[in-house]
Amino acid sequence: MTRDGHEPDDVQDPPAPREAEADDAAWLLARMRGESPAKEPSTAAAYAHLEGLLVDLPSMAPPKGWKEDILRRADEAASSGGVEPVRAGAIVPAETPVAPVGARADVIPLRRRHRGWLIAGPTVAAAAATIGFFVMRAGTVAPALGVSYVVAAGDGITRGSGSAKLHDHLRVTARLADAGALRVYRDDRVLVAECPRDPVCTSRPTGKLTTHELDLALDAPGRYQVVLVVGDAPAATGRIGDDLAAARAAGATIRDPKIPTFIVR
Amino acid sequence: MARESSEPAAHTRDVAAATLAEATQRPTKRSQIDIEAEARALAALDAGDRRAALGALLDAYGVVIYSYCLRVLRDETLAQDVQQVVFLEVHRDLPAFRRESSVWTWISRIAHNRCMDAATRRRREQQRSVPIDGEDDAVLPASQTPGPDHTSERARWMAALERCLQRLSEPVRATVLMKYQQGLTFDEMAVAVGERSGTLQVRVSRALPILRQCLERAGVSL
């Protein structure tokens, strides 16, 4: 535990550099210490350029309403008598409803701590949902139906709730107790992916369940909707209305995976 | 559990004074310290209006703190959550702020610690679960990649740099960002991070050649 009380980190300092990089690192270190070591002008210029790029990285705007959200929560805290903010990533009790990653519940009840009530709210719910997903994945009580999703941009950044952009990846994990299918439709008339069956899916037994993992590139604009068909159903035609009706007629049930519909432009 | 002290220790008073003086002389392009906003915030605090003080600090530092959290954590939802936690902690602890450092250094310290906490917890949870999305750093950063109409070479450099930054571990990336994006001196970073200034210098000096090599492999001539 560091002196701030936060958990120690595996700092993972960069490994010892190779010779050329070691020379550069030694020169950079000397310069940072206020010395004036000699260096090839081209190398010095390269690092000056790199440092300039780092300084000029653009700011990234938070979602709309961010300031008002914080002020509102501060007002709530003040009116509650100095309530301690919940740390991002705080573990919530098992009885807390587990929402899919990226989803936000309006309120998540949190257990009382010895210092007083904790704040409940959408942003806490989002952090809690993230941890809740992983708690579920870790093998605590696994429901017969478990679904989670993330939308990932190409640079690895995970999108906020309900948002997706062209060329993002929609990654869904669904655990089904019985036969079933995870389907993604676009614009209600194109079946873009189905687990099992499609190459974008992997399916594997997980105890008595089957876990389907879908990784779909959102490479065409449109409205993407995820549905779960639990039970045996006829092959999909692509038209969501017809497919779901046929599935119900065959005795399957349609489950809401609680994944938002994504409008991709 | 005792409340965590988020105020730099008293022995940093000289460092704080020196860095404040230095900050006012640094080019504004590098420095993120908003002296006027901090003065307004502290004046509001002294007048008993903590909300107004928070508002002034949000205006000055809200976006840059979010940017820092997002680049460290690479998760929009988590970054927003951490940003909120940071400023709620600022709001809570403002009355106890001893003004021995700039408010910016203090906020940077809180942001760094909360980001590292969130990253550590996420890493531990991922180690206990089957990850559903693997790292894929071979893909161009879609959010930063210039669109088909945007052929600026500088934009291409920036996109490549964003991608190369992801190759650094979170603590190293955070240190580089604190130095260049947040404009902290190594002494300020030492106070914020709780590590020695020399250690941080070594970290950055080793990270820059890695970034340079990554950029050159990506076709960026520095």
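The values are calculated or read from the model by the stated rules, or taken from the named source; none is laboratory data. No experiment lies behind these values; they were computed from the predicted model shown. Ideal geometry is used to build each Cβ from the backbone, glycine not excepted, and the neighbour counts take in all protein chains shown.
Considering the stretch B:177-189 alone, what residues qualify as being more than 9 Å from chain A (Cβ to nearest Cβ) and not in a loop (DSSP other than H, G, I, E, B)? Of everything in the stretch B:177-189, those that are more than 9 Å from chain A (Cβ to nearest Cβ) and not in a loop (DSSP other than H, G, I, E, B) turn out to be B:M178, B:D187, B:E188, B:M189.
Taken over the stretch A:152-210, the criterion of being acidic (D, E) and more than 20 Å from A:A235 (Cβ to Cβ) is satisfied by A:D155, A:D168.
Per this entry, B:A207 is counted among residues that are within 18 Å of the chain's Cα centre (by Cα), crowded, with 24+ Cβ neighbours inside 10 Å and either in a helix (DSSP H, G or I) or more than 10 Å from chain A (Cβ to nearest Cβ) (or both).
Taken together, the criteria place A:H169 among residues that are crowded, with 20+ Cβ neighbours inside 10 Å and over 20 Å from A:D256 (Cβ atoms).
The set of residues from the stretch B:157-176 being outside any helix (DSSP H, G or I), facing chain A (nearest Cβ under 7 Å) and under 25 Å from B:S197 (Cβ atoms) comprises just one member, B:S169.
Going by the conditions given, is B:A192 part of a helix (DSSP H, G or I), under 14 Å from the mean Cα position of the chain (by Cα), closer than 21 Å to A:V55 by Cα and modelled with pLDDT under 90? So B:A192 fits the description; yes. Where helices (runs of 4 or more DSSP H) sit wholly within the stretch B:44-156, those with at least 1 residues that are facing chain A (nearest Cβ under 8 Å), farther than 30 Å from A:V264 by Cβ and at pLDDT below 90 occupy B:103-128.
Of the strands (runs of 3 or more DSSP E) contained entirely in the stretch A:177-240, those carrying at least 3 residues that are surrounded by 19 or more Cβ atoms within 10 Å (Cβ to Cβ) and either touching a residue at least 40 places away in the same chain (Cβ under 8 Å) or touching a Cys at 6+ places or on another chain (Cβ under 9 Å) (or both) fall at A:180-186, A:190-195, A:209-217, A:222-230. Being out of contact with any helix residue (DSSP H, G or I) (no Cβ under 7 Å at 6 or more places or on another chain) and at pLDDT below 75 is the requirement here; does A:R186 meet it? Against the criterion (out of contact with any helix residue (DSSP H, G or I) (no Cβ under 7 Å at 6 or more places or on another chain) and at pLDDT below 75), A:R186 does not qualify.
Residues in the stretch A:52-82 that are among the charged types (D, E, K, R) and surrounded by fewer than 18 Cβ atoms within 10 Å (Cβ to Cβ) were compared, and the one that is nearest to the other protein chains (Cβ to nearest Cβ) is A:K67.
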